[in-house]
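Okay, structure first, notes after.
The values are calculated or read from the model by the stated rules, or taken from the named source; none is laboratory data. For clarity, every value in this text was computed on a predicted model and none was experimentally measured. Here the Cβ positions follow ideal geometry from the backbone for every residue, glycine too, while neighbour counts run over all protein chains shown.
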Amino acid sequence: MTSEPIYKRVLLKASGEAMMGAQGFGIDVAVADRIASDIADARQMGVEVGVVIGGGNIFRGVAVASKGGDRVTGDHMGMLGTVINALALATSLRKLNIDTVVLSAISMPEICESFSQRATLYHLSLGRVVIFAGGTGNPFFTTDSAAALRAAEMGAEAIFKGTQVDGIYTADPKKDPTATRFDHLSHKEVLDRGLAVMDVAAVALARENSIPIIVFSIHEKGRFGEILTGGGLKTIVSDN
């Protein structure tokens, strides 16, 4: 472990559920503030950060489809949930005086800027945290896929996947006390074993673009910064 960050530009993927904290629904501002403080620490190290947040704490499109509703409409509703989360996290970052911009895959200029790769690279060059909202802008794609896509577009050196546990395990450690954590896996192993880290499309896109996926606990304050400098509990998914 060193004091210097290993990565200079990263994409942080946080689940919508992480924003709930102990609540059953919505946004726990204290949790948003804690995630923002970890991002602020990364920025102080000089790391450029892009962020994708899910929308599961507000709405899941698949929930509509499972009850006979239209999946496309449901996914659009889920995308709007990610915009709400992005605005909440941006607010928490700005409270810490971190220059932040929200770029949405769905045009809503009264609320936030529209996504483009050019805009992304421009804002990163100015030292801003860029939060990507609206998923990919397309139904049938998860925010995991959006994270892998945006990571490739911004030239991220790694995808940091913040989850409920501190890495990838042989089984759910909350249900199986004998589950053991992997330190390292290849993208192919994740796909072949069917490990539920990110969806198949996201892992395949990360592999195709040679982007490591680092899985860690989003709930441990300071863990993001620890891993950026080589420490902390995590699982690294890479082909080298």
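This table checks each residue for (1) buried (at least 18 other Cβ atoms within 10 Å of the Cβ); (2) under 21 Å from the mean Cα position of the chain (by Cα); (3) closer than 17 Å to Leu149 by Cα.
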| position | (1), (2), (3) |
| --- | --- |
| Ile168 | yes, yes, no |
| Lys174 | no, no, no |
| Ser186 | no, yes, no |
| Val200 | no, yes, yes |
| Ala206 | yes, yes, yes |
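With respect to the conditions (1) in contact with a helix residue (DSSP H, G or I) (Cβ under 7 Å, 6 or more places away or on another chain); (2) modelled with pLDDT under 95, Met45 lacks only one, and its number is (2).
Are there helices (runs of 4 or more DSSP H) fully within the range 124-235 with at least 2 residues that are touching a Pro at 6+ places or on another chain (Cβ under 9 Å)? List them. In the range 124-235, 223-228 are the helices (runs of 4 or more DSSP H) which contain 2 or more residues that are touching a Pro at 6+ places or on another chain (Cβ under 9 Å).
Only residues that are at pLDDT below 95, among the aliphatic types (A, V, I, L, M) and farther than 12 Å from Lys13 by Cβ were counted across the range 205-234, and they come to 1.
Name the residue that is nearest to Ile27 (Cα to Cα), counting only residues in the range 55-91 that are charged (D, E, K, R) and part of a loop (DSSP other than H, G, I, E, B).
Our first condition is that a residue be charged (D, E, K, R); within the range 55-91, this holds for 60, 67, 70-71, 75.
Those left that are additionally part of a loop (DSSP other than H, G, I, E, B): 60, 67, 70.
Details: Arg60: 15, Lys67: 25, Asp70: 26 Å.
Checked the range 55-91; the qualifying residue nearest to Ile27 (Cα to Cα) is Arg60.
Evaluate the range 92-112: report whether one residue or more is charged (D, E, K, R), within 23 Å of Ile39 (Cα to Cα), without any contact (Cβ under 8 Å) to a residue 60 or more places away in the chain and assigned to a loop (DSSP other than H, G, I, E, B). Yes, the range 92-112 contains at least one residue that is charged (D, E, K, R), within 23 Å of Ile39 (Cα to Cα), without any contact (Cβ under 8 Å) to a residue 60 or more places away in the chain and assigned to a loop (DSSP other than H, G, I, E, B).
Yes/no matrix, rows are residues, columns are (1) over 23 Å from Ile6 (Cβ atoms); (2) among the β-branched types (Val, Ile, Thr):
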| site | (1), (2) |
| --- | --- |
| Ala133 | yes, no |
| Glu153 | no, no |
| Phe160 | no, no |
| Gly167 | no, no |
| Asp176 | yes, no |
| Thr180 | yes, yes |
| Val197 | no, yes |
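Within the range 21-37, track down each residue that is in a helix (DSSP H, G or I), among the hydrophobic types (A, V, I, L, M, F, W, C) and closer than 18 Å to Ile131 by Cα. First the steps, then the outcome.
Going residue by residue through the range 21-37, those that are in a helix (DSSP H, G or I) are 29-37.
Next cut, among the hydrophobic types (A, V, I, L, M, F, W, C) only: 29-32, 35-36.
Result: Val29, Val31, Ala32, Ile35, Ala36.
Here's a check for you: in the range 136-168, which residue that is among the acidic types (Asp, Glu) and in contact (Cβ under 8 Å) with a residue 60 or more places away in the chain is farthest from His184 (Cα to Cα)? Ranking the candidates gives Asp144 first.
Within the range 200-233, being touching a Ser or Thr at 6+ places or on another chain (Cβ under 7 Å) and among the polar types (S, T, N, Q) holds for Ser217, Thr229. Annotation: of all residues in the range 58-91 being polar (S, T, N, Q) and touching a residue at least 40 places away in the same chain (Cβ under 8 Å), the one that is surrounded by the fewest Cβ atoms within 10 Å (Cβ to Cβ) is Thr91.
For the range 47-57, does any single residue satisfy the condition of being without any contact (Cβ under 8 Å) to a residue 40 or more places away in the chain and either surrounded by fewer than 24 Cβ atoms within 10 Å (Cβ to Cβ) or in contact with a Ser or Thr (Cβ under 6 Å, 6 or more places away or on another chain) (or both)? No, the range 47-57 has no match at all.
Please state which one of Ala152, Ala146 is under 18 Å from Arg9 (Cβ atoms), buried (at least 17 other Cβ atoms within 10 Å of the Cβ), in contact with a Gly (Cβ under 7 Å, 6 or more places away or on another chain) and among the small types (Gly, Ala, Ser). Just a single option satisfies the conditions, and that option is Ala146.
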